Structure formats: structure tokens, C-alpha cells
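The values are calculated or read from the model by the stated rules, or taken from the named source; none is laboratory data. Small disclaimer: the values here were computed from a predicted structure and weren't measured. Neighbour counts are summed over all protein chains in view; Cβ atoms, including those assigned to glycine, are modelled from backbone coordinates with ideal geometry. Only protein heavy atoms, including side chains, enter the accessible area calculation; ligands, DNA and RNA are left aside. Shrake-Rupley method; radii C 1.70, N 1.55, O 1.52, S 1.80 Å.
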Amino acid sequence: MMTENLYSLLLPSDRSDDTRAALQTETGATWSYGDLRRTAGRIARLLHDSGVGPGDRVAVQVEKSPEALCLYLAVLQLGAVYLPLNTAYTLTERRYFLSDAEPAVFVGMPRAAGEVEAPVPSAGPPVTGRVLTLAPDGDGSLMAACRNLAPWDAVAGVAADDVAAILYTSGTTGRPKGAMITHGNLGYTVRTLTRLWGVTEGDVLLHGLPVFHAHGLFIAANTVLFARASMLFLPKFSVDRVIALLPRATLFMGVPTLYTRLLADPRLTPALCRSMRLFTCGSAPLSAETFARFEERTGHRILERYGMTETAIITTNALDGDRVPGTVGYPLPGLEVRVADEAGRPVAPGEVGGLELRGPNIFKGYWRMPEKTAAEFRPDGFFITGDLVSLAPDGRVSIVSRAKDLIISGGYNVYPREVESVLGGIAGVRDAVVIGVPHPDFGEGVMAVVERQPDCDALDGAEIIAQAARELAGYKLPKIVVIQDSLPRNAMGKVQKNELREQHKDAFKR
Ligand code: AMP
């Protein structure tokens, strides 16, 4: 039977690559493609024996490890639905996800085993099947139960439209939504990126991202496996480890914070990066300043790309060709894009509008939320990303803002990114976010929260405003600048603007 199962792209049935190294861990252990296949097969047999079949959810909240990757592959192999959860989620948060997704099996961290066994079932009927545990070193009941099983070697036949994974994503309001990502979505993404970024079996990816997010799993790990390349699999990002391993790598995928942290280390030099072929960046805006500083320090122009949980990658700068700071490049081939107003009508060329998309990478909808799904698609099938962009005449995309981040102050539109990039260029500023908070006169008032460089105690809010005033119209200037040692960020390094809006909601009332 013809199958569109992503598993078959990542670990094809001819086994010709079984002896090739797929990943190396921090402890120096090497996992070949055959090792991944066998371990995934054992887990698949255990899950199958536990009653997991096509369409069943397997929820996973574990630290990154080779076994965790095998668990993902096993779930694909069975045609079941992989549901990774951020390791930072609390018990209360997890309860929501489990009761919403009703997984057949939940795999948690052993330290949480007590919590897992007890309160989860009492929170409703979430785990009807089995609860298993997996520690970063492979310990726990999952591997203990499958170690001696014969690997399952069938691959479930699935259609391109069958769901491979559910990734929860939180909007600015309301409950997190489970984005249903299909085998077809992921197959298209992995094939396209491998080609566009020229990933080959000679590549070695320094993998420092978490694997509960689309970036670390569907972009980074999938691409490596599809290309039969290999990865240095860091349990988590650490400047020291990245510096130590860069000379052995050819490829690095990061988020802007990882690049600013690397830049803060004097050991980052061209010599350190001599084996490197490509640095990519996404998940949050990369400032032109970080781009320029990175090029100065390493000789590499970071390739910025843009995507979201619901779509995986949408645009990318070119591997061969211009990588233009402040833009996210061109839409992936096969994607239809349009820039539209709130009613879905195309805006004039070059104008700012909402980006809407249709194509093979667009998710199937939100799990058990038909109204939310309907609200985010146009009747002709275009998905409303919620990002405000402008398109250059040659199709290059620049992100101006999240629609929800747009500030309307005294009737004027202020696009936070524009202000943030000016503030980011001021000496002593490591990062800056600009938010709109209630203002008695203007409706919303512009304020900035600035993260200072570690050695910059003298940074002054009034001085920052004075400097920004040289480049920005008055209505765009922050009226208040709060200076902090650090900004609240999520696991992908994305600043949590909601948190800052809530924290500062009374700033103009005082
Ligand atoms: P998430 O679903 O958590 O990955 O968040 C997706 C959102 O992150 C997008 O809708 C964008 O607003 C933002 N994003 C991702 N990549 C970039 C980028 N390269 N530049 C600017 N914003 C980005």
C-alpha cells in the first residue's frame, strides 16, 4: 500500500543507511540510523501492545534525549498522533492538555511520576491508557518495558491528510489550541527545506533546540534524518557547549536569543566557525544589528526564515543569493500568499497587510475547535497568519508586526518592530520590546521595556527616548522606558509580550 507516512521519509525501508551515524550525544554515544530504527521499533511494539493505533494521541512531556526522538518516530510508525508538551508546563497546565487531547498513553518525566500517576486521572478521564516515564538518560518505565521486545517493523499506511502531530499553541487570548499537523504537511516541509538549504548527508547539525517545538523537531531533526545527515544532540543550548562543538559542525539552527548569547562570548571567532556552512534563525525577529554583528564576528550571514506552529516554514532567505537583514525572504515554492486587509481583500502592492496563505504546509485545523478553525481560514481556504507584512515587488517578505501587537496610539498605527529595531541599535541596549498599554488620552500609549547589556548600568530611559527621536516620528516614540536586566522569554527565546502588557497595564494611570 502506498503510504504518505512521514516515518518512511525519515527512516526508509531499504535500510541502506542503517550503519550511518544519525546522532551523537553529549556523553559521546553514537546512534546510527539502525539504532534509531530498532529503538523506535521496540517502543512502537510496546505502544501497540498498550492499545495505541492510528489516530490515537500519545502525549509526551520529557527532556530531550535520543530515546525521546525514537518515541516520536515510533508514534509516526504506528500512524498515531505525537503530542509533545513543553517540559516547563506545570501540573495544572498539563492537566488541561491531557484532558483536552485524551491521549491513549502519556509519557512523562520520572521525577513527575508521582504527580503523573496520581493527579492526572483525578483531573477527569485524560489518560485512559498507560502512563510511562522516560528520563534524559533513557531510564524510566518506557525503556524498561520495551528493552527486550522485538522491534515492530511494519509502518502504518496513512494518507497525506492524516494527522501526525498535535502542537499546542497559545494565542493572546483564550485556551491553547492544538494545531493538527499532517503527514503531508511535514513531508512537504522536510523535502522543501532540505533542498532549499542544501542539506546533504555530509552535514552535521549542532542541535541545541528543544524537541517539543516545531523548530527543533520538524525543522531541525526531520531535515537531518531525511538528508541522512547527522547531529550533535545537545540536551539543551549552552554557550560553552556550542562553542566547544562548533568546530565539528556544518549547520546550526537557532533563535535570536541564542545568537545574542553567542555574540556575548569573546570565543566566537571566524576560526571557531571554519567548518560551518550555514547558520539559520527563526521563531522570532532577528535584529539587523545582531545580523551585522554576527557577520562581523564570524564572517557568516545568518539565513533568517519565518514560520509558525500552524504552518512550519513559510518563507526563507536564499542559500545562494541575498540574505537581507530585517526580511524573512521568499515564500516556499508551492505556497500561495496574499497580503490582505481585515476583510481579506488584497491591499495595494507594497502596503502593509495581514499575510494569508494556502498550500501544502498549512495545518488541518485546531483539535476539537471547529469554530476557532473556521475563524482563522477564509472561505477560499487561505489561512490568516495574524502577521502584518509587506511584500517587495520581487516577492520578498518583511514582517512588520503581529496583528495583535499593532499599537494604535492617538489614532496612529505604531508597528512595534520598527521602534524595537531603532532601540536595539542604541549603545547599551541588548534587546527591546515595545508594547501598547491603556492610555487615558491616546487609547494606547507606547512604552518600551529594554534589556540592558550586562555591563551597562548607566543606561537611561530619557536618553534612550532622545536618541530614538532622531530616527522616529514623535507619535512612535515610547513615552515610558523601563530598563531591566532581562526580559521574560519562552522556551524559544520569544519575549512574552502578554506578560509585559499585563504587568504594565497601569503604567499611564499613575
Ligand atoms: P510559534 O507558532 O510559536 O512558532 O510563533 C509563530 C510566530 O512567531 C509567527 O506568527 C511570527 O509572528 C513569529 N516569527 C517566527 N519567525 C519569525 C521571524 N523570522 N521574524 C519575525 N517573527 C517571526
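The table below lists the values:
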item: Given (1) farther than 23 Å from residue 109 by Cβ; (2) at pLDDT 95 or above; (3) hydroxyl-bearing (Ser, Thr, Tyr), index of the condition residue 16 fails; result: (2)
item: Selected residue (criterion: farthest from the ligand (Cβ to nearest atom)) from residues of region 271-289 that are open to solvent by 10 Å² or more (accessible area, probe 1.4 Å) and at pLDDT below 95; result: 289
item: Region 69-93, residues that are assigned to a helix (DSSP H, G or I) and either open to solvent by 10 Å² or more (accessible area, probe 1.4 Å) or touching a strand residue (DSSP E or B) at 6+ places or on another chain (Cβ under 7 Å) (or both); result: 71, 72, 75, 76, 91, 92, 93
item: Cross-chain or 6+ apart pairs with Cβ under 7 Å, region 245-266 first and more than 18 Å from residue 210 (Cα to Cα), then assigned to a strand (DSSP E or B) and small (Gly, Ala, Ser); result: none
item: Test: residue 438 is in contact (Cβ under 8 Å) with a residue 40 or more places away in the chain, surrounded by fewer than 17 Cβ atoms within 10 Å (Cβ to Cβ) and closer than 25 Å to residue 498 by Cα; result: yes
item: Members of region 453-475 that are surrounded by fewer than 13 Cβ atoms within 10 Å (Cβ to Cβ) and farther than 27 Å from residue 265 by Cα; result: 462, 466, 470, 473, 474
item: Members of region 449-506 that are of a type in the set (Lys, Arg) and at positive phi; result: none
item: Region 212-229 - residue that is hydrophobic (A, V, I, L, M, F, W, C) and open to solvent by 20 Å² or more (accessible area, probe 1.4 Å) and, of those, nearest to residue 15 (Cα to Cα); result: 226
item: Test for residue 190: is it in a loop (DSSP other than H, G, I, E, B) and either within 18 Å of residue 306 (Cα to Cα) or among the aliphatic types (A, V, I, L, M) (or both); result: no
item: Any hit, region 118-134, residues being modelled with pLDDT of 90 or more, part of a loop (DSSP other than H, G, I, E, B) and more than 22 Å from the chain's Cα centre (by Cα); result: yes
item: Test: residue in region 408-421 that is more than 22 Å from residue 356 (Cβ to Cβ), at pLDDT 90 or above and open to solvent by less than 20 Å² (accessible area, probe 1.4 Å); result: yes
item: Residue identified as open to solvent by less than 60 Å² (accessible area, probe 1.4 Å) and either closer than 30 Å to residue 458 by Cβ or free of Cβ contacts under 8 Å to residues at least 12 places away in the same chain (or both) among 425, 395, 359; result: 425
item: Those residues of region 290-310 which are open to solvent by 20 Å² or more (accessible area, probe 1.4 Å) and either polar (S, T, N, Q) or within 7 Å of the ligand (Cβ to nearest atom) (or both), in sequence order; result: 307, 308, 309
item: Matching residues, region 314-363, being more than 14 Å from the ligand (Cβ to nearest atom) and at positive phi; result: 321, 334, 344, 350, 359
item: Some residue of region 379-387 being closer than 21 Å to residue 282 by Cβ, open to solvent by 30 Å² or more (accessible area, probe 1.4 Å) and within 15 Å of the ligand (Cβ to nearest atom); result: yes
